[in-house]
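**Q** Quick one: the structure is below, and I'll ask about it shortly.
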Amino acid sequence: MKIINKKNNQITFSAEIDETLANAVRRYVDQIPILAVDEVEISKNDSPLYDETIAHRIGMVPLKMEKGFDDKTEEQIVLVAKKDGIVYSEDMKGKVKLVHDRIPITVLKKGQELEIVATARVGKGSKHSKFSPGLMFYRNKMKVKLDKDCPKEVVSACPRNVFKNEGGKVVVIDEDSCDMCEACTDLCRKIGKESIELIPTEELVITVESFGQISEEEIFKRAIETLEEDLKEVAKNISK
């Protein structure tokens, strides 16, 4: 396993892993228990948005998934706003921590009010997207082969900066970034050349992105652990 890129809430790495297994892990991202607003009681809403829209927006605000939270967890969140202007997620008060404070909920004018009591529970993304902790996607790592007569124009044609001009020749500097968009091979064909060959390898380039409830590393780890638990349960039932 090799780390290719790591930035805020996202990690990309390469690994020799079968696509069927990678797809199973990807699907199990939505089997990870995550905290989210599950019930909303609106006692006053003078804003221009319908109650259903307000409830939906509050439900999609990501909440930190703390250790110790389980399927019995219930946390109350109160939102009382009487100000003139935008109501943000930071106005949601309770014991739970918000991932982002500046998510717009609605807007109020002078004299208008919004009063809400919400209940957060633990659920899974397979039930509703508000419980989803993030995304995982992958592609084959590419092997890029160049002929000596490779046209220099491919350097500017490639949107992923895979090539560069070096000593008057085109060279590959970043195979990991090649996503087989074929902009380079299309250019070569237009000028009547077959100077570039893109060959899929057995390695996958995997990207995991977090919505902030848990880290991207934790998403990948917990998805594998949850998959293993279900496989053990299947094996146990088969052996009976």
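Bear in mind these aren't lab numbers, they're just calculated from the coordinates by the rules spelled out. Predicted model only: the values in this text are computed from it and were never measured. We place every Cβ from the backbone using ideal geometry, glycine too, and count neighbours over all the protein chains shown.
**Q** Quick check on my link table: of K64/K110; K7/K190; K130/K232; K7/K232, which ones sit more than 30 Å apart, alpha carbon to alpha carbon?
**A** Violating the 30 Å limit, Cα to Cα: K64/K110; K7/K190; K7/K232.
**Q** List the equivalent ellipsoid semi-axes of region 34-128 in whole Å, largest first, each obtained as the square root of 5λ for an eigenvalue λ of the Cα gyration tensor.
**A** Output for region 34-128: semi-axes of 24, 13, 11 Å.
**Q** In nm, to one decimal, how far is the modelled label at L231 from the one at K110, with both set 7 Å along Cα→Cβ?
**A** According to this spin-label approximation, the distance is 6.5 nm.
**Q** According to a simple spin-label model (label point 7 Å from Cα along Cα-to-Cβ), what is the distance in nm between D147 and E182?
**A** Going from the E182 label point to the D147 one covers 1.8 nm.
**Q** Let me ask something additional. Scaled to the compact-protein estimate 2.2 N^0.38 Å, what is the alpha-carbon radius of gyration of the chain, rounded to two decimal places?
**A** 1.38
**Q** Further question: Using the Kirkwood radius over C-alpha pairs as Rh, can you work out the diffusion coefficient of region 119-203 via Stokes-Einstein at 25 °C, viscosity 0.890 mPa s, in µm² per second?
**A** Here the translational diffusion coefficient equals 162 µm²/s.
**Q** With n ≥ 4 as the cut-off for DSSP H runs, can you work out [θ] at 222 nm for the chain, using -39500 (n - 2.57) per run divided by the number of residues, rounded to the nearest 500?
**A** Calculated mean residue ellipticity at 222 nm is -7000 deg cm²/dmol.
**Q** Let me ask another. Where the only charges are on Cβ atoms (+1 Lys, Arg; -1 Asp, Glu), what is the dipole of region 1-155 about its Cα centre, to the nearest 20 debye?
**A** 760
**Q** Remind me, what semi-axes does region 64-115 give for its equivalent ellipsoid, largest first in whole Å, using sqrt of 5 times each Cα gyration tensor eigenvalue?
**A** That gives 27, 12, 6 Å for the three semi-axes.
**Q** For region 21-26, take each phi angle, set θ = phi - 60°, evaluate the Karplus expression 6.51 cos²θ - 1.76 cosθ + 1.60, and give the result in whole Hz per residue in order, putting x for glycine and proline.
**A** Whole-Hz 3J(HN,Hα) from phi for region 21-26: 5, 4, 5, 5, 4, 4.
**Q** Please order M142, M92 by the number of other Cβ within 10 Å, starting at the fewest. Kindly include the intermediate steps, with their values, before the conclusion.
**A** Details: M142 21, M92 24.
Ranked by crowding around the Cβ, least crowded first: M142, M92.
**Q** Here is a further query. Tell me which of N45, I206, G123 sits at the most positive position along the dipole axis of the chain, charges placed on C-beta atoms (Lys, Arg +1; Asp, Glu -1).
**A** It is N45, whose Cα lies furthest towards the positive end.
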